[in-house]
1. Determine which member of the set 99, 79 is open to solvent by less than 60 Å² (accessible area, probe 1.4 Å), part of a loop (DSSP other than H, G, I, E, B), more than 27 Å from residue 255 (Cβ to Cβ) and not aliphatic (A, V, I, L, M).
2. Can you tell me which residues in region 233-253 are closer than 23 Å to residue 77 by Cβ and assigned to a loop (DSSP other than H, G, I, E, B)?
3. Only residues that are of a type in the set (S, T, N, Q) and farther than 23 Å from residue 271 by Cα: list them for region 183-230, please.
4. Pick from region 203-231 the residues that are among the hydrophobic types (A, V, I, L, M, F, W, C) and closer than 22 Å to residue 100 by Cα: which of them is surrounded by the fewest Cβ atoms within 10 Å (Cβ to Cβ)?
5. Inside region 295-407, counting only helices (runs of 4 or more DSSP H) that do not spill past its ends, which hold 2 or more residues that are at pLDDT 95 or above?
6. For region 292-346: of the residues being among the basic types (Lys, Arg) and over 16 Å from residue 390 (Cα atoms), which is farthest from the chain's Cα centre (by Cα)?
7. When residue 153 is evaluated against the numbered criteria (1) surrounded by fewer than 16 Cβ atoms within 10 Å (Cβ to Cβ); (2) touching a Leu at 6+ places or on another chain (Cβ under 6 Å), which criterion, by number, is the only one it fails?
8. Would you call residue 327 open to solvent by 20 Å² or more (accessible area, probe 1.4 Å) and more than 17 Å from residue 7 (Cα to Cα)?
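The values are calculated or read from the model by the stated rules, or taken from the named source; none is laboratory data. Just so we're clear, the structure is a prediction, and the values are computed from it rather than from any experiment. Methodologically, a virtual Cβ is constructed for each residue, glycine included, from the backbone with ideal geometry; neighbour enumeration extends over all protein chains shown. The protein model used for the area step is the full one, side chains on, heavy atoms only, and it has no ligands, DNA or RNA in it. Shrake-Rupley method; radii C 1.70, N 1.55, O 1.52, S 1.80 Å.
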Amino acid sequence: MEQHRAVIIGAGIGGLTAAVALHRRGWHTTVLERATDLAPVGAGISLAPNAQRALDAIGLGDRVRELAAWQGDGGVRTPAGRWLARTHADAAAARFGGPLVLLHRATLIEILTSALPEGAVRTRTAVAVTDPGDDRRPARLAVTDTDGAGATEREAELVVAADGIHSATRRTLFPDHPGPRYSGSTGWRAVVPAPTRPFVPHETWGAGKLWGSHPLKDGRVYAYAMAVAPAGDRAPDDEKAELLRLFGGWHHPVPEILAGLAADRILRHDVHHMPDPLPDFHRGRVALLGDAAHAMMPSLGQGGNQAVEDAVVLAHRAGSAPDFLPGRALPAYTADRLPRTTAMVRKAARTGAVTMLSARPAVALRSALVHTASRFGPGLVLRGFDGICDWRPPTPYRSTEDTAGPA
């Protein structure tokens, strides 16, 4: 076995961040991804100051901050356009020590992969953990080329399972855990050309429906929507037509954004989460992170952010590759991350329940309460993110890139 090898399962945001963080600690990192490539997908991601500070630990925070596009006002509206709550980009940055950055996922993936050695990411590759290992023996993996080649055995001193909400690794390690549940809502995402008339970034709350429009640095707009729906429900025609039925009569810029949508570029996914926490985020030499460990509703915008936090904390606990002690490092990782992410999953569920209220009296009461709270200033609205966006990573570690030799 090649020494100090870490295998990361999944080339999403969390997996790639873990690969960069471990690489900078002297690990030979290989990312194995089932998909055929890392082609851009039509969705954005918000990176709050907590994730930006985590990226600072691996030298990438400033590259993300350069992409901040939100300036001026923003807030929450009703479908008719009335403002329920307003805040300002400067107020958020002052409270949490940095801006909120909206960027295309493909841009973030490019930033992360650029910090890895050539060939570190291998696509068209499925992975199954056959033995999680322990302090005395490495983890064992069955690696299969999805183009049809047979499985091969691989060993690793550390395995990072970042294989998403329906993680096969989680099911292998924790077969009795109930896994993710349907939240009751479905979601749509798209990146579209900016409307001709300017608009203020917003999230709009209706009865059992939600819409968000936010500018990206490149001039496009990240739009997302949610609605209460049965699990597995799909439009009888296409998803653009469905969005027009649900949101076509809402305030500017929603109708203009909808007009610019291409039906085949709209992503729709039912929203699942994991209200039942795992007992641990590790077994043997295998660590879970991101949605594989703690999938949450998108109502706090923290899913990807928490995966980035996970990755940097895991690399911090793993330490320099020659000194890795799984029996010490991975329980410490669980102790660091399980309480925080469990609280985040629960808060996201509570917030999601409020934003997805359907009964008219409850919606009216929600609007009145949010509007009343906002009259005390933007600080009261932002206070809901205290303890989330102000998180700081462990003591920054020195990169071993220049001293560890080729990875």
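1. Within the list 99, 79, the selection yields 99.
2. The answer is 248, 249, 250, 251, 252, 253.
3. 196
4. By that ranking, first place goes to 216.
5. In region 295-407, the matching helices (runs of 4 or more DSSP H) lie at 303-318, 326-355, 360-374.
6. That would be 328.
7. Only one criterion in (1) surrounded by fewer than 16 Cβ atoms within 10 Å (Cβ to Cβ); (2) touching a Leu at 6+ places or on another chain (Cβ under 6 Å) is unmet by residue 153, namely (2).
8. Yes.
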